[in-house]
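Single-structure report; data block below.
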Amino acid sequence: MKAVRFFGHKDVRVVNDIERPVPKGDEVLLKIGGAGVCHSDLHIIDEGTVVGTVFTLGHENAGWIEEVGENVEGYKKGDAVLVYGPWGCGHCKPCQQSKENYCDHQSEQAYGGGLGLDGGMADYMLVPSSRLLVPIFDLDPVIAAPLTDAALTPYSAIKRSLPKLMPDEYVVVIGVGGLGHVALQILREISGAEIIACDVTEDKLAFAKQLGAAYVINSKDADAAEQIQKITGIKKAKVVLDFVGATSTIDLGTKVVSLDGDLTIVGLGGGHYQYSMNGLPFGVSMTNPYWGSRTELMEVVGMARQKKIHIEIEKHKLDDANEVYERMRQGKIKGRAVLIP
Ligand code: NAD
Ligand code: ZN
Ligand code: ZN
């Protein structure tokens, strides 16, 4: 079968000689409908976040059940499912609470399919347990694939700040890409806060306005923080969601977040923050959440089925993976690119 393989630093190749896996025991074989292209792949490819192993990329996966191992019950061929991405041990307390993204054993094992183990940029994908599947019912797997990360990650980050996202407050979203464009819609649907969106190009800012941002600011402007403070006034932004995570965006976040606010850094842009007592308002919670829980993914599926979130999708072939990654490096993708076998 065909697969998009990571061979090492800046070395991604589309190959045709991968054997189609056969599921045993608890395993499930999926026929892939779509695999989303996440910016985290670029951190792996360009910066070597996951090293020393060759594997199939793609950690935002959806498809149809093709075949199940002898222990699997409750699924039949053709059922449409998402693959929950962070694969935990399945036994520890966070895993029992469905928070496999915070599995006690994360430091001892590969993170999951497409992140050290074989992922979904292929004709078929082997999932180690049906525990990691979430049914999508009438949703199309091609369109639904990015729900597993581009929607789940911002959903989980927003949910933890929800009590602070009241109608008299401001929320700043930095980066209106794959995750950010869904974050805007989730905020619009489940929070009351007024949204200020930041990106670095005019088309992304126009896109943000369409998705519910009341204000848009180009974060390349030297006075971006002052522009935001002009909108928020003295109370500043109760929540800042940074989907870039560069030193410059973290710096912007610290300047615009309010007393007792949340500064949530989702982006893995390798930024640094030097704590100083005067550099951060009192009471700020600075967090770096990772992905979301399995039950939160079910809630995200609910939002998509109710048409409360729409993922803007570009469809591409597996063969075009390297071109798509290059367009992502240049910030040219609107919404999410999905590779379709
Ligand atoms: P993306 O490439 O689709 O979008 C990034 C967006 O940020 C683009 O619109 C780009 O124009 C914009 N941008 C770049 N520099 C900016 C700046 N200085 N100010 C404002 N906007 C800027 O990326 P994505 O797939 O949405 O991922 C975003 C980040 O989140 C990546 O670093 C990714 O690795 C990370 N991520 C983290 C988690 C997690 O669980 N913590 C999960 C998924 C992705
Ligand atoms: Zn991702
Ligand atoms: Zn665990």
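Annotations
- Förster-model FRET efficiency, 30 Å R0, residue 129 and residue 305, C-beta, rounded to 0.05: 0.80
- The stretch 285-341: translational diffusion in µm²/s, Stokes-Einstein, Kirkwood Rh over Cα pairs, 37 °C, 0.692 mPa s: 238 µm²/s
- Over the stretch 100-250, equivalent-ellipsoid semi-axes from the Cα gyration tensor in Å: 32, 16, 16
- Ranked from largest, the principal axis spans of the Cα set of the stretch 201-326 equal 50, 34, 29 Å.
- A straight Cα-to-Cα reach below 16 Å connects residue 24 with the lysines 76, 77, residues fewer than 8 places away in its own chain not being considered.
- Straight Cα distances below 20 angstrom link residue 99 to the lysines 159, with same-chain residues fewer than 8 positions distant left out.
- From least to most packed, judged by other beta carbons within 10 angstrom and beginning with the fewest, 92, 38, 103 follow the order 92, 103, 38.
- Taking the DSSP beta bridges with both ends in the chain, the antiparallel portion is around 50 percent.
- Computed over the chain, the convex hull of the alpha-carbon atoms projects to a mean area of 16.5 nm².
- The mean sequence separation of alpha-carbon pairs under 8 Å and at least six residues apart, normalised by the residue count of the stretch 152-289, gives a relative contact order of 21 percent.
- Highest-fluctuation residue, 243, 207, 137 considered, GNM on the chain with Cα pairs under 10 Å: 137
- Pairwise alpha-carbon distances in the stretch 164-236 exceed 18 Å for 33% of all pairs.
- Using R0 = 30 Å, the C-beta based FRET efficiency linking residue 20 and residue 137 works out to 0.70.
- Gain on full stretching of the segment that runs from residue 42 to residue 89 - 0.36 nm per residue minus C-alpha separation: 14.3 nm
- Degrees, to the nearest 10: 152-161 long Cα axis against longest axis of the chain: 40 degrees
- Remark: for residue pairs 209/235; 164/334; 164/235; 31/315; 238/334, the C-alpha separation exceeds 19 Å in 209/235; 164/334; 238/334.
- Span per principal axis, largest first, for the Cα atoms of the stretch 9-163 (Å): 41, 39, 31
- Most fluctuating residue given options 217, 45, 234, as computed from a GNM of the chain linking Cα atoms under 10 Å: 234
- Helix 178-190 and the longest principal axis of the Cα set of the chain meet at an angle near 70°.
Only the coordinates and a few stated rules stand behind these numbers; no lab work does. Predicted model only: the values in this text are computed from it and were never measured. Using ideal geometry, Cβ is built from the backbone for each residue, glycine included, and neighbour counts are taken over all protein chains shown.
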